[in-house]
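The values are calculated or read from the model by the stated rules, or taken from the named source; none is laboratory data. It should be emphasised that the depicted structure is a prediction, and the values quoted were computed from it without experimental measurement. Every residue, glycine among them, receives a Cβ derived from its backbone with ideal geometry; neighbour counts consider all protein chains shown.
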């Protein structure tokens, strides 16, 4: 049966993915084999496939497929995260389209809509990962709000509460006015933005009669602020006690502009004398540092903002206005009343919510917190003592800094979608922690408190509180802590994730793993880089620079896109993605396909193979085994990009460009059967080697009739991964020389414009002792040499070159313009003489020879020897002309 002229990726992808699923090649159950386990970082249930997912999941699939082929029990657990803030925002938007406002329905009604949305849209990204070829055990798919996983979260909260790690209190938090919830420090993205710095006049109380007079510099203080909308929440003005400009104002008061509320002037060295005017407005309710100052100086706290970022009645003016609209209106009012001195352009860092992109508002709020100092220490130790390896290790220092300076974790979110905090209140606002209302009543009775009007806490837990349990909960490690799954698969082997969630996901999984299993949940954490465009910009929808992965796979084939992603993705370093890489991947797939068509087109015969052909087979076997060693080293160091490049060169350069040319029969001539069988076997091994990176193409060719009839379970996906073998170093070195000789002769043809079809004579002067007789057929075949002679002196009228120590001469004078050739050789001589002069000067420098490493000095001496030998050949060639 003939093979199609071109590879059809879509046909192969649909066929083989369905086949793998049908035959349950992805399925894993505990057995006697060594387990190899990966848990997928659960993408948000709201998500669709983007380039970051493509990179992350391609890496995971490469690792899991290779482990499966190595005979390990490979288990890749997929799933999704309920993503409280993002999902609630989607559901609120859906309800708005239906004319429904969240505040007009009950919690139960809202959750019914949320589950409806999740069932309809929540599995999109997992289906897209199937298109990528992700070989997950889909029977194990989990969702962070599955009943068992939710039970684990609630039980964990109670566990930590009973150990004294969880508490409730009013603290300054990061407030997302769009999501109307608190978010953790790690979910705040800092961005530099263009702002305005407003210089506002605060009238000094006792000098009010002089305001506006010629002596007005004594009547007010000027304060610089980027947030004039918060002046109505000011409760003090602060000056530095060492600032001579303001010492006379100690103990005095000022009026808050526009509302004329009197506030004190206080002193504190916290104020920077050289920033702005050296005075600071203190707004304890709306700035973390001001809050700390307020506590220190016992200042009043006035919160003028509603949860949605609008001004409330405590602001006294512009009630109901959005904070940013209020900013502009306040500036205008200040200008109209003469209380705005000037406005300057100003750049500063502002925090934005990772989920909604709303500007974060510091806000005092009653929240639930988890004490982190004690819990963080084991999670830090795992990394510092090497039990958990961060790859690359450049992230260790930032991880250590964060863990050593960790703050208490705000774990409550003011949402309805998520795991509801198991705390219960009575009619007197006393509270207890319990899993059910029935258990809460018992707890209240234990301490003699009222059990009337009991209701549950409205807040839900931070999503990271549940996903932190992921490596344990997906194997039912909470429900069944001594179960077969958790004991077999835990700890997992590799975690592949992004550096930006190292602290608030990876660290928290280690905390949970230590607390509940006494071991870290994984051995290695492979931290991918950020996918950027070729201009270095992070890919995003807003910039319009992020291609649709599904469209890329449709255009270049999934294998082509996988190769394109991984060719440019060293661990931990950002990759500059260009669709040209996908085109390179597609071209690689076509190269393999065409090489296969070439081999399949050969006809075998019982004739004997030549010595040169058998040498070629042995050479490629050694080169293959050498490459296996390189590839294994790259995988051990998680250099997947380098591993792929080693395979790429092995197939494209060594196999296609050299081996197939060395053994290819003449046009319409048969090939020796032994050579044919060897070539098929080598091709089969190459398909196995490339399978983790290009699963569809390799599986498609694996089942071609060229390899005979395969059983239904004899698939490339489970073919034994090559382990390497004997390497003939002598043969490898010989073929480096052979390849150089052929390349030099081809280069001479190219520069002299001599047709490849025109045979040339070759003379060889052997200085190395190498026996070329068994290789000359190969050289003659690839370089079209019709006559080979071994000489002791350079023949007249020939061009020469050196390969290692040996000299080769090609007689081509009848085909060249002598004058042009003289000019070319003279130019090369001049260049080499200049190069040789610089090398000799370096070697004549005693300081260089004494201080440089011996291998560097020897390298310079080798350069001298090589240049002198080449110069001799060129001078002889010039003399011959």
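Restricting 193, 301, 271 to those that are buried (at least 22 other Cβ atoms within 10 Å of the Cβ) and in the same structural domain as residue 357 (by TED's automatic domain parsing) reduces the list to 271.
Counting only strands (runs of 3 or more DSSP E) that sit completely within the range 336-391, those holding 2 or more residues that are modelled with pLDDT under 95 and under 30 Å from the mean Cα position of the chain (by Cα) correspond to 340-353. A single entry from 476, 459, 494 fulfils the requirement of being modelled with pLDDT of 95 or more and out of contact with any helix residue (DSSP H, G or I) (no Cβ under 8 Å at 6 or more places or on another chain): 459. Screening 111, 149 for residues that are surrounded by 21 or more Cβ atoms within 10 Å (Cβ to Cβ) and either closer than 16 Å to residue 47 by Cβ or modelled with pLDDT of 95 or more (or both) leaves exactly one candidate, 149. Can you find even one residue in the range 627-636 that is touching a helix residue (DSSP H, G or I) at 6+ places or on another chain (Cβ under 8 Å), touching a residue at least 60 places away in the same chain (Cβ under 8 Å) and closer than 22 Å to residue 531 by Cα? Looking through the range 627-636, at least one residue is touching a helix residue (DSSP H, G or I) at 6+ places or on another chain (Cβ under 8 Å), touching a residue at least 60 places away in the same chain (Cβ under 8 Å) and closer than 22 Å to residue 531 by Cα. Do you know which residues across the range 133-146 are part of a helix (DSSP H, G or I) and either over 26 Å from the mean Cα position of the chain (by Cα) or at pLDDT below 95 (or both)? Once the filter is applied, which keeps residues that are part of a helix (DSSP H, G or I) and either over 26 Å from the mean Cα position of the chain (by Cα) or at pLDDT below 95 (or both), the range 133-146 yields only 139. Taking the conditions (1) outside any loop (DSSP other than H, G, I, E, B); (2) in contact (Cβ under 8 Å) with a residue 24 or more places away in the chain; (3) farther than 30 Å from residue 110 by Cα in turn, residue 445 satisfies each one other than (2).
Within the range 70-85, the set of residues being outside any loop (DSSP other than H, G, I, E, B) and surrounded by fewer than 20 Cβ atoms within 10 Å (Cβ to Cβ) comprises just one member, 73.
With respect to residue 781, is the statement that it is in contact (Cβ under 8 Å) with a residue 12 or more places away in the chain, closer than 27 Å to residue 619 by Cβ, part of a helix (DSSP H, G or I) and within 50 Å of the chain's Cα centre (by Cα) true?
The answer is yes for residue 781.
Tallying residues that are closer than 28 Å to residue 170 by Cα and in contact (Cβ under 8 Å) with a residue 60 or more places away in the chain within the range 394-407 yields 3.
Take the residues of the range 152-168 that are in contact with a strand residue (DSSP E or B) (Cβ under 7 Å, 6 or more places away or on another chain) and not in a helix (DSSP H, G or I): which is surrounded by the fewest Cβ atoms within 10 Å (Cβ to Cβ)? Only one residue fits best here, namely 167.
Yes/no matrix, rows are residues, columns are (1) at pLDDT 85 or above; (2) touching a helix residue (DSSP H, G or I) at 6+ places or on another chain (Cβ under 6 Å); (3) under 29 Å from residue 258 (Cα atoms):
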site: 163; (1), (2), (3): yes, no, no
site: 169; (1), (2), (3): yes, no, no
site: 189; (1), (2), (3): yes, no, no
site: 195; (1), (2), (3): yes, no, yes
site: 203; (1), (2), (3): yes, no, yes
site: 206; (1), (2), (3): no, no, yes
site: 209; (1), (2), (3): no, no, yes
site: 221; (1), (2), (3): yes, no, yes
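Within the range 339-360, the set of residues being farther than 30 Å from residue 187 by Cα and surrounded by 13 or more Cβ atoms within 10 Å (Cβ to Cβ) comprises 339, 340, 341, 343.
Against the conditions (1) part of a loop (DSSP other than H, G, I, E, B); (2) crowded, with 17+ Cβ neighbours inside 10 Å; (3) out of contact with any helix residue (DSSP H, G or I) (no Cβ under 7 Å at 6 or more places or on another chain), residue 722 satisfies every one except (3).
Do we have any residue at all in the range 405-428 that's surrounded by 18 or more Cβ atoms within 10 Å (Cβ to Cβ), outside the structural domain of residue 637 (by TED's automatic domain parsing) and assigned to a helix (DSSP H, G or I)? Within the range 405-428, none of the residues are surrounded by 18 or more Cβ atoms within 10 Å (Cβ to Cβ), outside the structural domain of residue 637 (by TED's automatic domain parsing) and assigned to a helix (DSSP H, G or I).
Among the residues of the range 268-282, those that are farther than 13 Å from residue 245 by Cβ and part of a strand (DSSP E or B) comprise 280, 281, 282.
Take residues that are within 34 Å of the chain's Cα centre (by Cα) and crowded, with 17+ Cβ neighbours inside 10 Å and tell me which of the helices (runs of 4 or more DSSP H) falling wholly in the range 585-670 contain 3 or more. Break it down stepwise before answering.
Numbers: elements: 611-636, 640-649, 660-663.
In the range 585-670, the matching helices (runs of 4 or more DSSP H) lie at 611-636, 640-649.
Restricting the range 173-185 to residues that are touching a helix residue (DSSP H, G or I) at 6+ places or on another chain (Cβ under 8 Å) and surrounded by fewer than 21 Cβ atoms within 10 Å (Cβ to Cβ), the residue that is modelled with the highest pLDDT is 178. Consider the range 503-548 and keep the residues that are out of contact with any helix residue (DSSP H, G or I) (no Cβ under 7 Å at 6 or more places or on another chain) and part of a strand (DSSP E or B). The one that is modelled with the highest pLDDT is 524. Taking the conditions exactly as written (in the same structural domain as residue 787 (by TED's automatic domain parsing) and buried (at least 19 other Cβ atoms within 10 Å of the Cβ)), does residue 734 satisfy them or not? For residue 734, the condition - in the same structural domain as residue 787 (by TED's automatic domain parsing) and buried (at least 19 other Cβ atoms within 10 Å of the Cβ) - is met.
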